[in-house]
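Following: one structure in structure tokens, then a few remarks.
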Amino acid sequence: MKAIEVKNLSFAYGQQKVLSDISFSIEEGEYVAILGPNGSGKSTLLRLLLGLLRPQKGQILLFGQEQGKFKNLNWIGYLPQRAVHFDQRFPATVEEIVGMYGSENLTWALEQVNLLEKRKELIGRLSGGQQQRALIARALCGKPKLLILDEPTSGVDPAAQEDFYKLLAHLHASLELSIILVSHDLAAVAREVERVICLNKKLFFHGSKEAFFSQEEFAHLYSYPVAWLKHSEEAGQ
Ligand code: ADP
């Protein structure tokens, strides 16, 4: 089944067109990156997928159902941008944060991210990487089929980023979780995902990662030298 099907989607904030006639689909179990420069409409697309905005034209199907009528909201876990920054004294424990939208699967979710032993600690006492894992656990509490992550590694140190991508790969494989990763980290995209959707108001590219990284046009979109990317891709293998 398709996890997501987007058909001829257009969206504008007032007069400002942000997405124009976008069509793509994501199969259940796929690991997909959404790439695009700043302001290209990535977050807007996520907000539309999550039902926080309504399409002005076109259609979004989630697991075969129209977005507006989709009832199984727990099938979609979401990690918003810049979510990881709890103050040291933030007065909530790991388990309170992780279970805040539903604690039925709390223990299981904490086990998935290897944080069970930290459950009673204040969230702000955890490292950035651990806080991020806690937020993944919160997204897992609804037993989602699809995880949507908006630039999840911004502000997380490189060692923790590596662990984080390992965790995503593990969840993708062991839970057959579909993942949509919005990221600027092209080296990580080259290493981790299966397919790439490239946006800049219009859909630039939708296909396998190999096809994406073998074309040269995308380098202009990012102003990165292609040689550097090829190198990162090889280094990541
Ligand atoms: P990205 O996530 O790729 O950086 P966004 O979807 O956040 O892009 O933004 C796309 C465009 O829409 C940008 O020009 C941005 O300024 C504009 N925009 C985003 N959110 C709003 C909003 N709530 N109201 C008006 N314009 C917005």
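Quick one: check the C-alpha center-to-center distance for region 60-82 versus region 11-56, whole angstrom.
13
Rank these for me by crowding, Ser103, Ser40, Ser174, going from fewest to most other beta carbons within 10 Å.
Working: Ser103 14, Ser40 20, Ser174 9.
Listing Ser103, Ser40, Ser174 from fewest to most nearby Cβ atoms yields Ser174, Ser103, Ser40.
Amide H neighbours of Val18 under 5 Å, at least 5 residues apart or on other chains, H built in the peptide plane: list them.
Phe11, Ala12, Tyr13
If each residue of separation counts as 0.36 nm, what is the full-extension length gain between Arg47 and Asp163 once their alpha-carbon separation is subtracted? Kindly include the intermediate steps, with their values, before the conclusion.
Working: separation 116, 0.36 × 116 = 41.76 nm, distance 2.71 nm.
Contour length minus the Cα-Cα distance gives 39.1 nm.
Could you list Ile136, Ile97 so that the one with the fewest beta carbons within 10 Å of its beta carbon is first and the one with the most is last?
On the way: Ile136 23, Ile97 20.
Ranking Ile136, Ile97 by Cβ neighbours within 10 Å, fewest first, gives Ile97, Ile136.
As an exercise, use a Förster radius of 25 Å and the Cβ-Cβ distance of Ala211 and Lys17 to find the FRET efficiency, rounded to the nearest 0.05.
Details: r = 28 Å, r/R0 = 1.10.
Between Ala211 and Lys17 the formula returns 0.35.
If amide hydrogens are placed 1.01 Å from N in the peptide plane, which non-local residues have theirs closer than 5 Å to the one on Phe205?
Close amide H contacts, sequence-distant or interchain: Cys198.
Which order results if Glu117, Glu111 are arranged by neighbouring Cβ count within 10 Å, fewest first?
Values: Glu117 9, Glu111 13.
Least crowded to most crowded, the residues run Glu117, Glu111.
Would you mind checking which residues have amide H under 5 Å from Tyr78's amide H? H placed 1.01 Å from N; only 5 or more apart, or other chain.
Those lying under 5 Å, H to H, from Tyr78 are Ile148.
Would you please name the trypsin sites (Lys or Arg not before Pro) within region 32-97 that are DSSP coil residues with at most 11 other C-beta atoms within 10 Å of their C-beta? Kindly include the intermediate steps, with their values, before the conclusion.
Numbers: sites: Lys42, Arg47, Lys57, Lys69, Lys71, Arg82, Arg89; in loops: Lys71, Arg82, Arg89.
Answer by residue number: Lys71, Arg82, Arg89.
Explain nothing, just compute: Karplus ³J(HN,Hα) = 6.51 cos²θ - 1.76 cosθ + 1.60, θ = phi - 60°, for every residue of region 66-74 in order, whole Hz, x for Gly and Pro.
Each residue's phi maps through the Karplus curve to give 4, 3, x, 9, 6, 9, 8, 4, 5 Hz.
We did not get these values from a lab; they are worked out from the coordinates using the rules stated. As the structure is a prediction and not an experimental result, all values here were calculated from the model. Here Cβ is always computed from backbone atoms with ideal geometry, including for glycine, and neighbour counts include all displayed protein chains.
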